[in-house]
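Undergrad: Please see the structure below; I have some questions.
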Amino acid sequence: MTGDIRRHQQESIIAELGGPAEFDAQDEVQHRVRFLVERLRETGTRGYVLGISGGVDSCTAGRLCQLAVERAREGGGQARFIAMRLPYGVQADEADAQRALAFIRPDAVLTVDIAPTSDALTAALRATGEPAPAPRVNKVPTADLETARPGLPDETALGLSYDDIDDFLEGLEVGPQVHETIIATYHRTAHKRALPLAPSPSGPDRPARRRCRPGEAPPPGGDVAGIEPTVYQS
């Protein structure tokens with residue numbers, strides 16, 4: 001693969017994912033809070049509910065939800081954010097979850113111990129003979145449900161560092177192996193980007209992105225220039 005083709009693919013993915021060359025955290029926070037407030041107004045719903053695990057993703061998303069409902073109330077609306085906890089007995093990193101809640105400051109916290117239900121389900125499956133189912137910014141990200149290996153770092157599962165991914169999305173030069181791994185992962189995870197609604201890439205003056213619905217083929221020429229068309233599956 002020539003350098004020009006690799007660069008073209010990289011630029012196309014950056015454009016499709018809305019990756020800014022320079023990331024301003026405060027601007028991005030305000031952009032996402034506005035989007036969440038608009039969704040509340042447009043749908044007439046009265047709040048958000050989000051599961052809080054104690055990881056970076058849910059901690060960040062939870063705080064954005066709380067900021068959005070507070071802004072909605074300032075505008076005369078009625079909205080609340082409920083942080084949902086679903087521990088199995090005592091969560092191994094319960095201290096992380098509590099620190100996340102202290103940062104989010106949700107309107108309400110609802111905790112449901114799933115151990116009794118999970119244990120009963122497992123027992124019922126075994127009875128039929130079926131096999132049983134298998135500090136916030138610095139916390140190592142993991143994808144336990146995807147790998148079925150609790151505690152396995154994302155970077156190990158991906159075979160990439162987050163610095164590599166950042167460099168790619170910022171338009172910097174990356175090595176051939178990093179480039180090929182990101183391109184392959186981008187294709188493999190196409191279904192995860194087939195969402196019905198999403199905020200525009202960045203800034204209130206940018207148009208909303210058009211995403212393919214599950215089962216719908218992208219426009220001729222592919223989802224991204226230089227990349228073969230893929231039918232998104234749900």
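Read the figures in this text as sums done on the coordinates, not as results from a lab. Computed from a predicted structure; not experimentally measured. In this analysis, Cβ positions are derived from the backbone assuming ideal geometry, glycine residues included, and neighbour counts consider all displayed protein chains.
Undergrad: DSSP beta bridges in the stretch 24-138, what fraction antiparallel, as a percent rounded to 5?
TA: Counting only bridges with both partners in the stretch 24-138, antiparallel ones make up about 0 percent.
Undergrad: To make sure I understand, if each residue's beta carbon is the centre and we count other beta carbons within 10 Å, what order do L152, L101 fall in, fewest to most?
TA: Values: L152 15, L101 18.
With the fewest neighbours first, L152, L101 line up as L152, L101.
Undergrad: Mind ranking 166-175, 54-63 by how tightly packed they are, going by the mean number of other C-beta atoms within 10 angstrom, highest first? Intermediate values should be presented prior to the final figure.
TA: Working: 166-175: 15.4, 54-63: 18.4.
Ranking the peptides 166-175, 54-63 by packing returns 54-63, 166-175.
Undergrad: Decide, for the stretch 1-99, between rounded, prolate and oblate: order the square roots of the alpha carbon gyration tensor eigenvalues as a ≥ b ≥ c, take rounded if a/c falls under 1.5, and otherwise choose prolate if a/b is larger than b/c, else oblate. Walk me through the numbers on the way to the answer.
TA: On the way: a/c = 2.84, a/b = 1.43, b/c = 1.99.
It is oblate, given that a/c is not under 1.5 and a/b is not larger than b/c.
Undergrad: With the dipole of the stretch 24-138 worked out from charges on the C-beta (+1 for Lys and Arg, -1 for Asp and Glu) around the Cα centre, which of Q26, G89, L40 lies farthest toward the positive end?
TA: It is L40, whose Cα lies furthest towards the positive end.
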